[in-house]
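Undergrad: My questions all concern the structure below.
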Protein chains: 2
Amino acid sequence: MSLVLDPAAQDLLFREARTANAFTDEPVTDEQVQAIYDLVKYGPTAFNQTPLRITLVRSPEARERLVPRLAEGNRAKTANAPLVAILSADNEFHEELPHLFPAAPQIKDVFFTERPVRENAAGLNAALQAAYFIVGVRAAGLAAGPMTGFDFEGVRKEFLDDDHTPLMIVNIGRPGPDAWYPRSPRLEFDQVVTTV
Amino acid sequence: MSLVLDPAAQDLLFREARTANAFTDEPVTDEQVQAIYDLVKYGPTAFNQTPLRITLVRSPEARERLVPRLAEGNRAKTANAPLVAILSADNEFHEELPHLFPAAPQIKDVFFTERPVRENAAGLNAALQAAYFIVGVRAAGLAAGPMTGFDFEGVRKEFLDDDHTPLMIVNIGRPGPDAWYPRSPRLEFDQVVTTV
């Protein structure tokens, strides 16, 4: 065995975990979300920038504003998920860099004075953090249902502001009946990895 | 405890794992890389697209071509890492979608006929997969040293082709002496999460 991670943890996070399209009505608590965040906040990013922002859609009124902005195939499952989170990238993340990367507090003014550069860095690093978040949802024994099928500009206007770029929306809960498709194939090692 | 993941696994993957800047000379084997891939290939992406490609830089000749294309502060550690991996996004990933997403094989021709759309999707989903890969390196008991400080166009020309966009370069091995900075602060839950 080349992995040292416990096989049960491998199953929980990757091998048996699945993207859920249906959920039970068991609530997802703020304590669970806090525990997830307090684990995955340690995931590595460039210069320890942490542009990911999480908007928890809890009120029925907010849910009603969100659902029509999703692709039709994503509406019913999102209307019924115990918790819905909008993940976005904060393009003004550089303001926090002197605090977050004390080893080189000048980084903010060296690399990140221009907005397009920040958007690029925020997009990549918030995506890394989004993946850690999905792993964290699974670490809490919950299923995630990440989606990119929605009106990005509409969600930005309705829930965020010009400094934040939506990344994905994630349904969270315990999987319900018929929660997923059969497992789809993956590319083989030799299709993905080359050696030079 | 809101997490069901074993605390030792939490430590291995997030709490005690660190980005390494120095490594021992213990080799990283192809078997280890295969085990990492065979775990993290299950990480979720949109439509099960798997645009991540991994170029293992194993030969001294290839390492010599890579190191000068890194930012100066990344050169010495990359010259000495047991293994270096170039992670890139395959912008022609859509060709594999009918195989990878049999539930809707028409997706390839509905959403992905235009290259800019594919680059956008490949960038996001390969970034998610890069994060899973970093988690997988840690699951193998190894340390990752991901870097974005390099000449992207130079690395593309030297090691890839026009269909592939470099994403990051990751040093991999067992951490050596003084392998990391002190742990930097993270944003608090309330700085990242809002509820609507």
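Undergrad: Being surrounded by fewer than 21 Cβ atoms within 10 Å (Cβ to Cβ), touching a residue at least 24 places away in the same chain (Cβ under 8 Å), in a helix (DSSP H, G or I) and not charged (D, E, K, R), is that true of even one residue in the range B:163-177?
TA: Taking every residue of the range B:163-177 in turn, none turns out to be surrounded by fewer than 21 Cβ atoms within 10 Å (Cβ to Cβ), touching a residue at least 24 places away in the same chain (Cβ under 8 Å), in a helix (DSSP H, G or I) and not charged (D, E, K, R).
Undergrad: Let me ask something else about it. Of the residues in the range A:104-113, how many are open to solvent by 60 Å² or more (accessible area, probe 1.4 Å) and facing chain B (nearest Cβ under 10 Å)?
TA: Number satisfying all stated conditions: 1.
Undergrad: How many of the residues in the range B:39-48 are open to solvent by less than 30 Å² (accessible area, probe 1.4 Å) and not hydrophobic (A, V, I, L, M, F, W, C)?
TA: 4
Undergrad: Which one is surrounded by the fewest Cβ atoms within 10 Å (Cβ to Cβ), of the residues in the range A:6-24 that are out of contact with any Gly (no Cβ under 8 Å at 6 or more places or on another chain) and farther than 23 Å from B:Asn48 by Cα? Quick ask: steps written out before the conclusion?
TA: The initial filter retains those residues of the range A:6-24 that are out of contact with any Gly (no Cβ under 8 Å at 6 or more places or on another chain), namely A:6-11, A:13, A:15-18.
Right, trim to farther than 23 Å from B:Asn48 by Cα and you get A:6-8.
On the way: A:Asp6: 15, A:Pro7: 10, A:Ala8: 14.
Result: A:Pro7.
Residue-wise test of (1) in contact (Cβ under 8 Å) with a residue 12 or more places away in the chain; (2) at the interface with chain B (Cβ under 9 Å from one of its Cβ atoms); (3) within 27 Å of B:Glu31 (Cβ to Cβ).
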| residue | (1), (2), (3) |
| --- | --- |
| A:Glu31 | no, yes, no |
| A:Lys41 | no, yes, no |
| A:Ala46 | yes, yes, no |
| A:Gly73 | yes, no, no |
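Undergrad: Restricting attention to the range A:114-125, report how many residues are open to solvent by less than 10 Å² (accessible area, probe 1.4 Å) and in contact with a strand residue (DSSP E or B) (Cβ under 6 Å, 6 or more places away or on another chain). Can you show your working first?
TA: Taking the range A:114-125 as the starting set, the residues that turn out to be open to solvent by less than 10 Å² (accessible area, probe 1.4 Å) are A:122, A:125.
In the following step, the residues that additionally are in contact with a strand residue (DSSP E or B) (Cβ under 6 Å, 6 or more places away or on another chain) were identified as A:122.
Of the residues in the range A:114-125, 1 are open to solvent by less than 10 Å² (accessible area, probe 1.4 Å) and in contact with a strand residue (DSSP E or B) (Cβ under 6 Å, 6 or more places away or on another chain).
Undergrad: Can you tell me which residue among A:Ile134, A:Ile36 is free of Cβ contacts under 8 Å to residues at least 40 places away in the same chain, within 11 Å of another protein chain (Cβ to nearest Cβ), crowded, with 21+ Cβ neighbours inside 10 Å and in contact with a Gly (Cβ under 8 Å, 6 or more places away or on another chain)?
TA: Details: A:Ile36 fails: free of Cβ contacts under 8 Å to residues at least 40 places away in the same chain.
Exactly one residue qualifies, and that residue is A:Ile134.
Undergrad: Next question. Determine which member of the set B:Ala131, B:Ala144, B:Ala127, B:Ala122 is over 25 Å from B:Pro82 (Cα atoms), of a type in the set (A, V, I, L, M, F, W, C) and either within 12 Å of the chain's Cα centre (by Cα) or part of a helix (DSSP H, G or I) (or both).
TA: Numbers: B:Ala131 fails: over 25 Å from B:Pro82 (Cα atoms); B:Ala144 fails: over 25 Å from B:Pro82 (Cα atoms); B:Ala127 fails: over 25 Å from B:Pro82 (Cα atoms).
Within the list B:Ala131, B:Ala144, B:Ala127, B:Ala122, the selection yields B:Ala122.
Undergrad: Does B:Ser88 fit the bill of being among the polar types (S, T, N, Q), surrounded by fewer than 18 Cβ atoms within 10 Å (Cβ to Cβ) and either over 23 Å from A:Ala104 (Cβ atoms) or out of contact with any Pro (no Cβ under 6 Å at 6 or more places or on another chain) (or both)?
TA: Numbers: among the polar types (S, T, N, Q): yes; surrounded by fewer than 18 Cβ atoms within 10 Å (Cβ to Cβ): no; either over 23 Å from A:Ala104 (Cβ atoms) or out of contact with any Pro (no Cβ under 6 Å at 6 or more places or on another chain) (or both): yes.
No; evaluated as a whole, the condition is false for this residue.
Undergrad: Right, something else. Read through the list (1) surrounded by fewer than 22 Cβ atoms within 10 Å (Cβ to Cβ); (2) at the interface with chain A (Cβ under 8 Å from one of its Cβ atoms); (3) at negative phi, then give the number of the only condition that B:Leu128 fails.
TA: Of the numbered conditions (1) surrounded by fewer than 22 Cβ atoms within 10 Å (Cβ to Cβ); (2) at the interface with chain A (Cβ under 8 Å from one of its Cβ atoms); (3) at negative phi, the odd one out for B:Leu128 is (1).
Undergrad: Scan the range A:141-150 and give yes if some residue there is farther than 22 Å from B:Ala89 by Cβ and open to solvent by 30 Å² or more (accessible area, probe 1.4 Å), otherwise no.
TA: The answer is no, given that none of the residues of the range A:141-150 is farther than 22 Å from B:Ala89 by Cβ and open to solvent by 30 Å² or more (accessible area, probe 1.4 Å).
Undergrad: Considering each residue of the range B:82-101, count those that are assigned to a helix (DSSP H, G or I) and at the interface with another protein chain (Cβ under 9 Å from one of its Cβ atoms), and give that number. I'd like the intermediate steps shown before the answer.
TA: Taking the range B:82-101 first, the residues assigned to a helix (DSSP H, G or I) are B:93-100.
Keeping just the survivors that are at the interface with another protein chain (Cβ under 9 Å from one of its Cβ atoms) gives B:96, B:99-100.
Here the count works out to 3.
Undergrad: Please find, among B:Glu16, B:Glu96, B:Glu26, B:Glu31, the residue that is within 21 Å of B:Leu160 (Cα to Cα) and acidic (Asp, Glu). Steps first, please.
TA: Details: B:Glu16 fails: within 21 Å of B:Leu160 (Cα to Cα); B:Glu26 fails: within 21 Å of B:Leu160 (Cα to Cα); B:Glu31 fails: within 21 Å of B:Leu160 (Cα to Cα).
Going through B:Glu16, B:Glu96, B:Glu26, B:Glu31 in turn, just one is within 21 Å of B:Leu160 (Cα to Cα) and acidic (Asp, Glu): B:Glu96.
Undergrad: Could I ask something else about it? Taking the options A:Arg63, A:Arg18, name whichever one is within 10 Å of chain B (Cβ to nearest Cβ), of a type in the set (Lys, Arg), in contact (Cβ under 8 Å) with a residue 12 or more places away in the chain and out of contact with any Lys or Arg (no Cβ under 9 Å at 6 or more places or on another chain).
TA: Numbers: A:Arg18 fails: out of contact with any Lys or Arg (no Cβ under 9 Å at 6 or more places or on another chain).
Of the residues listed, the single one that is within 10 Å of chain B (Cβ to nearest Cβ), of a type in the set (Lys, Arg), in contact (Cβ under 8 Å) with a residue 12 or more places away in the chain and out of contact with any Lys or Arg (no Cβ under 9 Å at 6 or more places or on another chain) is A:Arg63.
Undergrad: Looking at (1) away from every other protein chain (no Cβ under 12 Å); (2) under 30 Å from A:Leu12 (Cβ atoms); (3) open to solvent by 40 Å² or more (accessible area, probe 1.4 Å), find the lone condition where A:Glu153 falls short.
TA: (2)
Undergrad: I've got another one for you. Check A:Ala76 against each of (1) out of contact with any strand residue (DSSP E or B) (no Cβ under 9 Å at 6 or more places or on another chain); (2) among the small types (Gly, Ala, Ser); (3) surrounded by 20 or more Cβ atoms within 10 Å (Cβ to Cβ) and name the one condition it does not meet.
TA: Failing condition for A:Ala76: (3).
Undergrad: Does the range B:96-110 hold any residues that are touching a residue at least 12 places away in the same chain (Cβ under 8 Å) and more than 21 Å from B:Thr55 (Cα to Cα), and which are they? Show your work before the answer.
TA: Taking the range B:96-110 and keeping what is touching a residue at least 12 places away in the same chain (Cβ under 8 Å), we get B:96-97, B:100-101, B:104, B:107-108.
Once the filter is applied, which keeps residues that are touching a residue at least 12 places away in the same chain (Cβ under 8 Å) and more than 21 Å from B:Thr55 (Cα to Cα), the range B:96-110 yields B:Leu97, B:Leu100, B:Phe101, B:Ala104, B:Ile107, B:Lys108.
The values are calculated or read from the model by the stated rules, or taken from the named source; none is laboratory data. Only a predicted model underlies this, so the values are computations on that prediction, with no experimental measurement involved. Don't worry about glycine lacking a Cβ; one is built from the backbone with ideal geometry, like all the others, and counts go over all protein chains shown. Side chains are part of the model used for accessible areas, which takes the heavy atoms of the whole protein and leaves out ligands, DNA and RNA. Shrake-Rupley method; radii C 1.70, N 1.55, O 1.52, S 1.80 Å.
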